[in-house]
Amino acid sequence: MNLTKVLYKKFGYKEFRMGQEEIIRDVLEEKDVFAMLPTGAGKSLCYQLPAYSGHYPVLIVSPLVSLMEDQVQQLKTNGEKRVLALNGFLDFDKRENALQTLASYTFIFASPEILQNKRIRQTLKSIRFSLMVVDEAHCVSQWGHDFRTDYLKLGDVREELGKPPLLALTATATEDVRRDVVKQLKMEHPALHINTVDRPNIAIKLEKHHSLDAKLRSALQYGKTLQGPGIIYFSSRSLAERVSNKLAQSGVKGVAAYHAGLDTETRLLIQQQFLNDEISIICSTNAFGMGINKSNVRYVIHFHPPSNIESYLQEIGRAGRDQKPAIAIHLFTEEDERLPIAFIDTELPERQQIQGVLADLQMRMGEVLSINYEKEGVKHRLSETAWRFIVYQLQLNGVLQNSLIQSFHFHHLLEKLSNEVDKLRRRKLSKWIGFKNWLYDDGCRRKGLLQRFDETITPIEQCCDHCGLEVDQYMKQEESAQEDIIMAWDHELQLMLNVTKEEQGEE
């Protein structure tokens, strides 16, 4: 088959980007494939072109509604009519109609959660899929073990659907994450296509500050002077909103805060405005950015550290997708070190909390347990993440069968779940320590990141602040000089420092 001919006919490209053709050929040979391509390298083509070569229908598991809707819209813009997104935006009548005509679609997008719906899964079983795709596959390892445990069920879903060939796609995954993804998805002898995570067009700057006050001033200064569009990441909803407001008050136009506390319609509106260049700066938690197809983001600033290197690379990789120069700036104070550890403590249940849940279940043997967080998780004073972890473990150990509470050995299960929590906590702490070591490394910033993926670097200009970096190249051209932003921060700082743990976590 002449793949280049199909590429030009369907997509208008005369040649493949790095790594695409080799991945597509393995997909066409119906192999299981694990593919790691850098952000902006055209991962979606790796399942779209096989579909247009006769390998359809395709089921694509996508982690976020916004990402799913964006991918569906791109396909429709390119003339594809046989595409469907199964998510909460479909009302009952539209969903029923879609399920009755499901076999007529070429591309079917679905979230891991909706694939747990019995009605939907039963309908999907009637279709012989040529390919199953897990997009952003690192989420299987990164999110699946606690926050979104339905990722860990995708291997079973695949078997229930007749075990179609599987393509796992990601931009960043260390060797241990790759092994975990392959194991969880039950991939058999997968063809591995591991391309570099390096983005040489993104300069890296680590900027250390002695106080939150100094860091805030720097963030505001960059927001005012850097050439946008840009994204500033925070670990706190309140800080994202406050910095957004301060930038707007200082005269910066087109600034918005984005986090999971906003309703879905508002988030989608902000996302669309950013894509259309109606908003130039997004002050966001990590709820924003995955899969956003915006090529001209010129900078990404981290006000707080992510909890691992993979997340950091995913987030800075949202800059410079057009291959033009961009910059990633990390603002760091030693006080930031407590944040990832606080997240881990909030995300995982304590032994006493597990004990309380099990004691409650013992008294309700034979009842139906709602897995809804608001109904049950809040009652036990658990975070939503901790509640989902416990529910998954209960299902895994047969305590919950079709939502019915079964009998169990109290002390045995308490020890087992406590041990699982300890293992997961150690895993998360190890990931954080890896990133923390990078923050204190005195060498080349790019080399420090790449060596964790067993990669070496080629010297480049505008590499990082250690090797030499001219930040002025990334400033607005009309700004002849940077202006000092002078504000009264005393009261604001006190409010910002008293951020609650509830505000610090995001999905």
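The values are calculated or read from the model by the stated rules, or taken from the named source; none is laboratory data. What you see is a predicted model; the values in this text were computed from it and never measured. Positions of Cβ are generated from backbone atoms using ideal geometry, with glycine treated the same way; all protein chains shown enter the neighbour counts.
Numbers at a glance
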read-out	value
Residue among L102, L131 that is aliphatic (A, V, I, L, M), out of contact with any Lys or Arg (no Cβ under 8 Å at 6 or more places or on another chain) and farther than 24 Å from I194 by Cα	L102
Identity of the residue in region 111-132, exposed (fewer than 14 other Cβ atoms within 10 Å of the Cβ) and not polar (S, T, N, Q), that ends up farthest from G155 (Cα to Cα)	R119
Odd one out for K375 among (1) touching a residue at least 12 places away in the same chain (Cβ under 8 Å); (2) over 22 Å from R242 (Cβ atoms)	(1)
Residue match in region 338-346 (condition: loosely packed, with under 12 Cβ neighbours inside 10 Å and at pLDDT below 90)	yes
Single match in S403, S430, S418, S407 (criterion: of a type in the set (S, T, Y) and in contact with a helix residue (DSSP H, G or I) (Cβ under 8 Å, 6 or more places away or on another chain))	S418
Pairs, first closer than 11 Å to A85 by Cα and in the same structural domain as V134 (by TED's automatic domain parsing) in region 96-113, second of a type in the set (D, E) and assigned to a loop (DSSP other than H, G, I, E, B), C-beta under 9 Å, six or more apart	F107/E80; F109/D135
Some residue of region 453-465 being in a helix (DSSP H, G or I), within 24 Å of V177 (Cβ to Cβ) and aliphatic (A, V, I, L, M)	no
Residue among K118, K94 that is closer than 18 Å to Y392 by Cβ and of a type outside the set (A, V, I, L, M, F, W, C)	K118
Residue identified as modelled with pLDDT of 90 or more, closer than 29 Å to Q323 by Cα, outside the structural domain of G261 (by TED's automatic domain parsing) and of a type outside the set (S, T, N, Q) among L220, L169, L226	L169
Residue match in region 124-132 (condition: without any contact (Cβ under 8 Å) to a residue 12 or more places away in the chain and in a loop (DSSP other than H, G, I, E, B))	no
Strands (runs of 3 or more DSSP E) contained in region 279-335 and holding at least 1 residues polar (S, T, N, Q)	281-284
